[in-house]
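The values are calculated or read from the model by the stated rules, or taken from the named source; none is laboratory data. Note that the structure is a prediction, hence the values are computed from the model and not measured. Here the Cβ is made from the backbone with ideal geometry for all residues, glycine too, and neighbour counts use every protein chain on show. Ligands, DNA and RNA are excluded from the accessible area calculation, which covers all protein heavy atoms including side chains. Shrake-Rupley method; radii C 1.70, N 1.55, O 1.52, S 1.80 Å.
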Amino acid sequence: MNKHKKKANRGLKSVGEDRISELPDEIIIHILSFLPSTKSCVKTSVLSKRWHNLWTCVPNLIFSQSHFSRFVFDEVDCLKRVVNKTLALHSFSKLNSFSIQVPDLRQLYPSIELWLQLAVKRAVESLTLDFLDIPRSPSDRPSAGYLLPQFVYSNSHMQILTTKFCEFVPHGRISWSALKKLSIRQSLLNDEVIQNILNGTPALENLQLIFCCGVKLLDLSSKPKLKKLVIKVNEYCLMGSDYNYELKIVGPYLETLKILGLWGLFKCKLMKMSSLMGATLDFGVFNDGDESQVRRQNMAKELLENVLHAEQLKLKNHCTEALSKLRMDVLVSLSSNLKSLDVDCHGRSYLRGIERVLCCAHKLEKLVIFFNYSRSSTSEPDDYGKNYWRNAEIPSCLDSHLKTIVISGELRSRVVLEFLQFLLMNSNILEKMIVQNCFNHQTPLRLAEKLSRYPRSSQQALFLVDPK
């Protein structure tokens, strides 16, 4: 043992004691800039005398929730001292990122404004204001969140702005000439404010409105650079809003669109989506019986008719089911460009929708399906008898385009296995079938082995396991 220890020690000495400290300050500072928070950077000051002040030159100031974990939220003065001391010691004149995640307390608002002024003076490029919604007394609860200071609305350096629980009330025109990405979460907005934002962001490429309420028209006709839009709604959006309002989105230049969340009685209408390349529809409505089911299906059908021409389509929750409700001529005319389809399958009506799209999407190259037949209604008519797939129409995409199939979920149902066998039998150029997480203690490896024994037309197909 002693011989082995001596040999190991000699090996360590030959490598060198500390290669990182031999690097120039600029490279070490660049490495420190990848740490998740300023607190992590400060901790490196104990490594050696040389490292003592290196953190002060890192061009990022990130105060995450963990930064204040040892403070009780009532100890606001302690929290202020931590941030103020950090800012006083920080010496870098230019900020790439300033991010602060603090409890949403009125006592902090004056200090936050001072911190924002420092960030703006240092030409910050990425600004994040994340207010934590914490339990507190009613007298301390802000009515609409932190009111953004007026000096924030005019900035020529900021490229990324992320807010949560912030109130947007500009007194004049917004001017964010360099802004490329804007994410607003849990805010009360209106059409006037959102139009002011759109007018003042000529370089905007990515817009995310998460749990925001009050917007009824999102007209992106004058935004040729805006390519990505994410809209997500939940019960927060119901507060103080018209329960039956309709959000209209006009997006002739959008390339990527995501409609997410729980829409309740809200309705979303898409217009002029001619440039769309990828779309995700993943939403539900409140379950109040047959009325909610009809409302959900109608909304899904209308949205599908505006996104089916995209090359990549992801349909979750009940949106896949709506495929079975669309007229066949609509499917044929809209899905001719579809190359990648990611869907849920919770019953036979969902499978009917998938089958219909396969017959129309002649260029489909990738098919991703999450199966969960445990949610299938037992009252559904069984359209898939034992010999159904033997006589089913073979989609042309299986013959010449489909290369990848990804499956997950509950995969032991007879209907599911026969459908997968049908795909394998007729996918002539299939390159791989990937099996992900399976339910009911069914291992992906065992299922992949079972599927590999099925007859298949593509002998080059690989069966892979991805246990993510």
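Taking the condition of being closer than 24 Å to Asn96 by Cα and in a helix (DSSP H, G or I), how many residues in segment 22-58 meet it? Walk me through how you get there before you give the answer.
Initially, segment 22-58 is screened for residues closer than 24 Å to Asn96 by Cα, giving 23-45, 50-58.
Still in the list and also in a helix (DSSP H, G or I): 25-32, 38-45, 54-57.
Residues that pass the stated criteria total 20.
Would you be able to tell me the number of residues in segment 299-349 that are open to solvent by 20 Å² or more (accessible area, probe 1.4 Å) and under 21 Å from Ser413 (Cα atoms)?
Count: 7.
Every residue, every condition in (1) touching a Leu at 6+ places or on another chain (Cβ under 8 Å); (2) of a type in the set (Lys, Arg); (3) assigned to a helix (DSSP H, G or I); (4) at pLDDT 90 or above, yes or no:
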| position | (1), (2), (3), (4) |
| --- | --- |
| Leu276 | yes, no, no, yes |
| Asn287 | no, no, no, no |
| Val294 | no, no, yes, no |
| Gln297 | no, no, yes, no |
| Lys301 | yes, yes, yes, no |
| Leu304 | yes, no, yes, no |
| Cys319 | yes, no, no, no |
| Ala322 | yes, no, yes, no |
| Val332 | no, no, yes, no |
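Residues that are assigned to a helix (DSSP H, G or I), at pLDDT 90 or above, surrounded by fewer than 13 Cβ atoms within 10 Å (Cβ to Cβ) and of a type in the set (A, V, I, L, M, F, W, C): does segment 145-159 have at least one? Show your work before the answer.
First pass over segment 145-159, keeping only residues assigned to a helix (DSSP H, G or I): 150-153.
From what's left, at pLDDT 90 or above: 150-153.
If we keep only those that are surrounded by fewer than 13 Cβ atoms within 10 Å (Cβ to Cβ) too, we end up with 150-151.
Checking which are of a type in the set (A, V, I, L, M, F, W, C) leaves us with 151.
Scanning segment 145-159, I find at least one residue that is assigned to a helix (DSSP H, G or I), at pLDDT 90 or above, surrounded by fewer than 13 Cβ atoms within 10 Å (Cβ to Cβ) and of a type in the set (A, V, I, L, M, F, W, C), so the answer is yes.
Does Ile429 satisfy the condition of being open to solvent by less than 30 Å² (accessible area, probe 1.4 Å) and among the β-branched types (Val, Ile, Thr)?
When the stated conditions are applied, Ile429 does not pass them.
Please verify whether segment 219-234 includes one or more residues that are within 24 Å of the chain's Cα centre (by Cα), modelled with pLDDT under 90, farther than 27 Å from Leu114 by Cβ and not in a strand (DSSP E or B).
The answer is yes, given that some residue of segment 219-234 is within 24 Å of the chain's Cα centre (by Cα), modelled with pLDDT under 90, farther than 27 Å from Leu114 by Cβ and not in a strand (DSSP E or B).
Search segment 443-467 for residues being polar (S, T, N, Q) and open to solvent by 50 Å² or more (accessible area, probe 1.4 Å), and hand back the single one that is modelled with the lowest pLDDT.
Thr443
Filter segment 400-426 down to the residues that are under 31 Å from the mean Cα position of the chain (by Cα), crowded, with 18+ Cβ neighbours inside 10 Å and among the aliphatic types (A, V, I, L, M) and list them by number.
Correct list: Leu402, Ile405, Ile407, Leu411, Val416, Leu420, Leu423.
Note down all Cβ pairs under 7 Å where the first residue falls in segment 174-203 and is under 15 Å from Ser222 (Cβ atoms), the second is aromatic (Phe, Trp, Tyr), and they're at least six residues apart or on different chains.
Filtered contacts from segment 174-203: Ile174/Tyr153; Gly200/Trp176; Thr201/Trp176.
Could you list, in sequence order, all residues of segment 1-39 that are of a type in the set (D, E, K, R) and at pLDDT 70 or above?
Matches in segment 1-39: Arg19, Glu22, Asp25, Glu26, Lys39.
Does segment 59-85 hold any residues that are farther than 16 Å from Gln107 by Cβ, in a helix (DSSP H, G or I) and either at pLDDT 90 or above or in contact with a Cys (Cβ under 8 Å, 6 or more places away or on another chain) (or both), and which are they?
Lys85
Test Leu260 against the criterion of being at pLDDT below 95, closer than 20 Å to Ala300 by Cβ and part of a strand (DSSP E or B), and give yes or no.
yes
Which members of segment 417-468 meet the condition of being assigned to a loop (DSSP other than H, G, I, E, B), closer than 20 Å to Asn372 by Cβ and either among the β-branched types (Val, Ile, Thr) or in contact (Cβ under 8 Å) with a residue 24 or more places away in the chain (or both)?
Phe439, Asn440, Gln442, Thr443, Asp466, Pro467, Lys468
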